[in-house]
Amino acid sequence: MELCETLYYYRAYHGACYATGGFARAFMFSSSSHPRDYMDASVIVARAGGGLKKDETGQMKMSKDQTESSVMHSLRNNMAQFNPVVIITADDNPKAQIQPPHPYCVLDYFKITNMWWEKSQNKRIVRLRFEKLNSKKASWWQPKGTTEIAKPGSLDPPLTQTCQTCDHSSQQIYLQGWMCLRPECNQFWKLLSPISNTLKEPEESSLTYDPRFLKQKNPWPNDDTELPLGSMNAELSDHSIMGEDCSRAHWSGIVCPDCGRCTSRLKWTGWKCENPKCSFERIPPHVLVSAASLHDPFNPLSTSYMYSRDLHLPMVNLSVSFAHNYRINRFSIPGIDGFITHMIANKTVVQEANGPHDMFESLQQTDIGLARRSMGQDFFTRHYAVNFGMPYKFIAATASSPFPDSTSPVTLARSRLNWAARYLLAEEPSKSSSIGAEWKPKEFNETLVLSYMENQKISYHDDGEFGLGPTIATLSLGATGTMRIRMKSRYFSGVSKAGIYDSELPLPGCLQYEKRMDLYQGLCDLQSQDRKAYNERLRQIPKELGLKGGPLAKDAITMTVSHGDIVIMHGAQLQKYYEHSVDHMGKLRFALTCRYIDPESLSEEDKPKWEVLPDEGEYDGTKLPVPA
Ligand SMILES: O=C(O)CCC(=O)C(=O)O
């Protein structure tokens, strides 16, 4: 992750070659290399990535012929337009002549000089020869005290021969003899035996590179020049620019100037080198993003009720009301016991003392411990988070502290959201008494603060973990966000990833709703009568109805959440069957989300070491002057 966030030329989380926009940018040279791969101080020969699978012994093996892919087109573009690629080595690279000092190390820029087809383990593969771009620069990966036996260009040029069958010419790569390298030709990958004068595929283990092929020099325009390998992210301009330190470049990783390690920005305040032996830290000055700068000329704030920019599918029911300076959009989704309320704040709300404007600015001025949360295996969430009150231990566990250790926006948000939830749940027309009774003992006992810099977002997820909810309320501060709510794929398609039909009551809006409804009762009966036949039916139904796991439902509700707005989701079913995501287009956004977390649902070690006291803020939004 650190590599991919720091090096603009290598953003391939799972691949050997990173290509983008039709050009290859970098190659990773690691343990899954091919036996004929080669590496010295100036030349590398490697197999183009892809097509490897683990065999039963855990070894990476070719499972099928390689074919022309978009990566190969990119590599050809690099050659045609003289775009060099960066090569990175991993510490398990068996061809490295020295032990690389770090798990991943950048070698340098290389020219791709040759790209050809071969055969290996009876499968067709593509191979590449790379030559270091700047031949004047020493290669740090050359063993100390040694010199290259032959530098590129110091030997005779490689032999080139034309195939008598296909008229295609190619260089001689192996000392064992010349071979046609055009896979369409029936002479492809065959050596002429001088004894029998017949063509035969070579013995792979006997192949030795022809030094004239390896050590050729291929001049490129502008070679022998230096290109930057370090990232230039996070260079601040000389002027103070509002939000510059929250820009995409500023939450990218940097190359540590002290030890050279790629370092992601894991803390809101700045970078701290992750190398345990290095103490480098960089805290860029934060130029306050002022609340006044959030002004949207196409949606001007007023003390009247605001416009709505929310959209929904026709099946979703919307009721609109106006109260206490909020436009209140209340959505309910058929089949779901619950509702979603969007309270759209006006100028009176956002400008009130200790209100959204003040909270937004105050959150930027105090270090409240916002950090990216670990998702395991060295991966971290994109956004920053910190929790107060009852510990939040779901998905990616977040550091928690008692409310008294937080800053005023955290407690103010809790009190504001408790007021909003209390007000809305009491207003809920159909079931006010039961919901109100359920809610009261579950007033919010936790505030999770999320902060999103430019281009950061939270992808589709639910908040339905055991012991949490059933009411979840968020106060949005800063840049305008888009919150999307959609049915989970499993319930939309009715099929699990393993291809098994889900026999739960189908939800309106799902694929093949009517047909699935027709099957529903019969399946319930079969389940209680004949378990074997029932399981068999679950495997047959996807084929009968033409259903497969994987299709994504359209967003049922899309809300434009502005600074000061509140979104309240109520109902466990909403979290079970639906999921939500939020992104934004600005430089900085905070989401302060309050939940009730049942302390009894936490494991002994997760239980707080502090008492979570009731909210004493007593915020009351009804006290503000309302639009005339
Ligand atoms: O950013 C937001 O508004 C929503 C945050 C959210 O979905 C969460 O905390 O689970």
Between the Cα axis of helix 531-545 and the main Cα principal axis of the chain, the angle (0 to 90°, nearest 10) is 80
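Excluding ligands, DNA and RNA, what is the solvent-accessible area per residue of the chain at a probe of 1.4 Å, expressed in Å²? Can you show the working numbers first?
Numbers: 30160 Å² over 628 residues.
Ligands and nucleic acids excluded, the figure is 48 Å² per residue.
Give, in nm to one decimal, the length gained when the segment between residue 523 and residue 280 is fully stretched (0.36 nm per residue of separation minus the Cα-Cα distance). Kindly include the intermediate steps, with their values, before the conclusion.
Values: separation 243, 0.36 × 243 = 87.48 nm, distance 6.25 nm.
Here the answer is 81.2 nm.
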Expected field for residue 392, accessible surface area in Å² at 1.4 Å probe radius, rounded to 10, holds 10
Under 5 Å from the placed amide H of residue 61, counting only residues 5+ away or on other chains, we find 53, 54, 55
The rounded separation in angstrom of the Cα centers of segment 152-178 and segment 472-551 is 60
Answer check: segment 490-545, Cα atoms, Kirkwood Rh, Rg/Rh ratio of 0.93
Sequence order, segment 275-280: Karplus ³J(HN,Hα) from phi using 6.51 cos²θ - 1.76 cosθ + 1.60, θ = phi - 60°, Hz rounded, Gly and Pro as x, gives 6, x, 8, 10, 10, 5
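In segment 122-226, what is the volume of the convex hull around the alpha carbon atoms, normalised per residue and reported in Å³? Show your work: numbers first, answer last.
Working: hull volume 16.4 nm³, N = 105.
Hull volume normalised by residue count: 157 Å³.
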Here the tail fraction of P(r) beyond 16 Å, over all Cα-Cα pairs of segment 156-206, rounds in percent to 37
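Round to the nearest 0.05 the FRET efficiency obtained for residue 313 and residue 460 when R0 = 22 Å and r is the Cβ-Cβ distance. Walk me through the numbers before you get to the answer.
Values: r = 16 Å, r/R0 = 0.74.
E between residue 313 and residue 460, to the nearest 0.05, is 0.85.
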The correct ranking of 400, 205 by accessible area at 1.4 Å, largest first, is 205, 400
The pairs in 277/457; 95/144; 393/442; 272/609; 95/151; 61/95 lying past 22 Å Cα-Cα in this model are 277/457; 272/609
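Using a Förster distance of 30 Å, how high is the FRET efficiency between residue 217 and residue 185, based on the Cβ-Cβ distance and rounded to 0.05? Spell out each step's value before the answer.
On the way: r = 29 Å, r/R0 = 0.95.
After rounding, the FRET efficiency stands at 0.55.
Take the Cα gyration tensor of segment 501-628, multiply each eigenvalue by 5, square-root it, and list the three semi-axes largest first, rounded to whole angstrom.
The equivalent ellipsoid of segment 501-628 has semi-axes of 42, 24, 15 Å.
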In the chain the accessible area split gives carbon plus sulfur, as whole percent at 1.4 Å, a share of 52
Reported to the nearest 10 Å², residue 226 has, with a 1.4 Å probe, an accessible area equal to 110
FRET efficiency for residue 193 and residue 56 from the Cβ-Cβ distance with R0 = 22 Å, rounded to 0.05, comes out at 0.05
Which residues qualify? For residue 322, with a placed amide H closer than 5 Å and at least 5 residues away or on another chain, they are 328
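Report the semi-axes of the equivalent ellipsoid for the chain in whole Å, largest first, where each axis is √(5λ) for an eigenvalue λ of the Cα gyration tensor. Intermediate values should be presented prior to the final figure.
Details: eigenvalues 649, 222, 88 Å².
Square roots of five times the eigenvalues give 57, 33, 21 Å.
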Treating every alpha carbon of segment 197-300 as one equal point scatterer without solvent, the Debye formula yields log10 I(q)/I(0) values at q = 0.11, 0.16 Å⁻¹ of -0.63, -0.86
In whole Hz, the Karplus estimates of ³J(HN,Hα) for segment 314-320 (6.51, -1.76, 1.60; θ = phi - 60°; x where Gly or Pro) are x, 5, 7, 8, 10, 10, 10
Whole-Hz Karplus couplings 3J(HN,Hα) for segment 452-467, θ = phi - 60° and coefficients 6.51, -1.76, 1.60, Gly and Pro as x, run 10, 8, 3, 6, 8, 8, 10, 6, 4, 7, 10, 10, x, 5, 4, x
Cross-link reach from residue 543 to lysines, straight Cα distance under 26 Å and at least 8 residues apart if same chain, gives 488, 497, 515, 532, 554, 576
Ranking 181, 363, 322 by how far each Cα lies towards the positive end of the charge dipole of the chain (+1 on Lys and Arg Cβ, -1 on Asp and Glu Cβ), the top one is 181
Spelling it out for residue 24: with amide H atoms placed in the peptide plane at 1.01 Å from N, the residues 5 or more places away or on another chain with amide H under 5 Å from its amide H are 75, 78
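Mind checking the full-extension length gain between residue 227 and residue 169? Use 0.36 nm per residue of separation minus the Cα-Cα distance, one decimal, nm. Intermediate results must be reported in sequence, preceding the final value.
On the way: separation 58, 0.36 × 58 = 20.88 nm, distance 3.34 nm.
Full extension from residue 227 to residue 169 adds 17.5 nm.
Can you give the calculated 222 nm mean residue ellipticity of the chain, where each DSSP H run of n ≥ 4 adds -39,500 (n - 2.57) and the sum is split over every residue, rounded to the nearest 500 deg cm²/dmol?
Working: 12 runs with 110 residues, N = 628.
Taken over the chain, the calculation gives -5000 deg cm²/dmol.
The values are calculated or read from the model by the stated rules, or taken from the named source; none is laboratory data. No experiment lies behind these values; they were computed from the predicted model shown. So basically every Cβ, Gly included, is an ideal-geometry build from the backbone, and we count neighbours across all protein chains shown. Heads up: the accessible areas ignore ligands, DNA and RNA and are worked out on the full protein's heavy atoms, side chains in. Shrake-Rupley method; radii C 1.70, N 1.55, O 1.52, S 1.80 Å.
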